[in-house]
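Structure below; questions to follow.
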Amino acid sequence: MTTHTLTLLDGGMSRELARIGAPFQQPEWSALAIIEAPEKVTQAHNNFIQSGANIITTNSYALVPFHIGEERFAQSAKSLAATAGHAAKDAVIQNNIGTKIAASLPPMFGSYRPDLYQADQLSRIATPLIEGLAPYADLWLIETQSLIQEALDINTLINQICNNQKPVWVAFTLEDEQPSNQATLRSGESVKDAVTAMLNAKVTGILFNCCQPEVIGHALTVTLDVLKDLQAEHVQIGAYANAFAPQTKEATANEGLDEVREDLTPLSYLEWAKKWHQQGATLIGGCCGIGPEHIAQLNHHFAPLKG
């Protein structure tokens with residue numbers, strides 16, 4: 001990579017919302033706070049900003065029919081996405097330290113389930129989210145992607161709706177139930193193919209998220225090799241792991257709050273982050289189960305390197 005500075009991302013929103021007493025239940029999951037108590041979402045963002053995050057991610061991950069139902073989605077998806085953007089913007093204004101907002105675009109048909117992807121339904125679901133978030137986005141974060149095609153299709157929609165005006169980052173989730181010597185997405189597609197496709201689509205950041213930290217290092221190595229081969233070292237790479245046990249291919253996305261690994265303390269998570277940074281990752285944060293205390297630990301260590 002051309003730089004060893006670091007941009008610190010935030011952590012997992014759902015656990016933080018539950019911790020601070022925001023409305024939180026299934027099937028709405030983290031979307032319930034946007035619907036009933038957006039001020040709690042701003043509070044959660046504040047907690048991550050005050051822990052040192054340079055970028056916060058909008059609480060728009062669960063604003064899909066899978067969570068809020070088809071009727072509510074049809075009536076309110078765009079306005080709820082705008083509420084999520086506004087909640088993040090309020091936190092930025094309150095802290096007044098130049099924090100940027102990443103507009104989260106999730107897998108539209110459920111986490112970890114590439115088999116559920118419906119290309120003919122993507123625009124119907126993603127368009128109102130993009131339109132609602134656009135006024136608040138400093139960049140787009142297409143995250144927890146299990147399937148190359150869905151990431152490409154969402155990126156195409158962003159470019160069509162927003163005229164390619166803001167950076168697009170894509171974060172892939174990796175197979176971690178039975179990891180092999182070949183770093184793969186949960187679809188079975190290779191990281192090499194995923195990175196190559198993203199470079200062809202001209203995304204500016206490639207990350208790995210919502211999987212165990214143990215599988216990310218190999219994916220970063222593959223990514224760096226592809227960037228070097230294609231002379232694309234200007235593209236940033238990053239990681240934000242979750243604190244869950246491995247997820248099976250039959251997992252029902254966000255069926256309940258998974259148990260958090262006790263071994264991923266702030267100090268132990270820092271050790272993973274240090275390895276990723278040594279490999280060349282310049283975008284580092286946390287996903288599900290990684291809280292403000294983890295981000296604060298990363299900030300304490302990486303503060304001299306933050307750009």
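The values are calculated or read from the model by the stated rules, or taken from the named source; none is laboratory data. As the structure is a prediction and not an experimental result, all values here were calculated from the model. Reconstructed Cβ throughout: ideal geometry from the backbone, glycine too, with neighbour counts over all protein chains shown.
What is the residue count in the stretch 53-72 for residues that are touching a Pro at 6+ places or on another chain (Cβ under 9 Å) and touching a residue at least 60 places away in the same chain (Cβ under 8 Å)?
Qualifying residue count, the stretch 53-72: 8.
Of the residues Ile93, Ile154, Ile142, which single one is under 15 Å from the mean Cα position of the chain (by Cα), modelled with pLDDT of 95 or more and part of a helix (DSSP H, G or I)?
Ile154
Ok, one more. Just to be sure, is Ala171 more than 24 Å from Leu116 (Cα to Cα), hydrophobic (A, V, I, L, M, F, W, C) and not in a helix (DSSP H, G or I)?
no
Of all residues in the stretch 49-82, which are under 14 Å from Ile130 (Cβ atoms) and in contact with a Gly (Cβ under 6 Å, 6 or more places away or on another chain)?
Thr58, Lys78, Ala81, Ala82
Within the stretch 204-226, take every residue that is in contact with a helix residue (DSSP H, G or I) (Cβ under 8 Å, 6 or more places away or on another chain) and in contact (Cβ under 8 Å) with a residue 60 or more places away in the chain and give me the one that is farthest from Thr173 (Cα to Cα).
Here the answer is Leu224.
Is it the case that the stretch 120-140 has a residue that's over 18 Å from Ala81 (Cα atoms) and crowded, with 17+ Cβ neighbours inside 10 Å?
no
Kindly list, by first and then second residue, each pair from a residue in the stretch 285-307 that is on the phi > 0 side of the Ramachandran plot to a residue that is surrounded by 24 or more Cβ atoms within 10 Å (Cβ to Cβ) and outside any helix (DSSP H, G or I), limited to pairs with Cβ atoms under 8 Å and residues at least 6 apart or on different chains.
Every condition considered, the pairs that remain are Gly289/Gly12; Gly289/Asn242; Gly289/Ala243.
Looking at this structure, is Asn59 assigned to a loop (DSSP other than H, G, I, E, B), modelled with pLDDT of 95 or more and of a type outside the set (Lys, Arg)?
Answer is yes for this residue.
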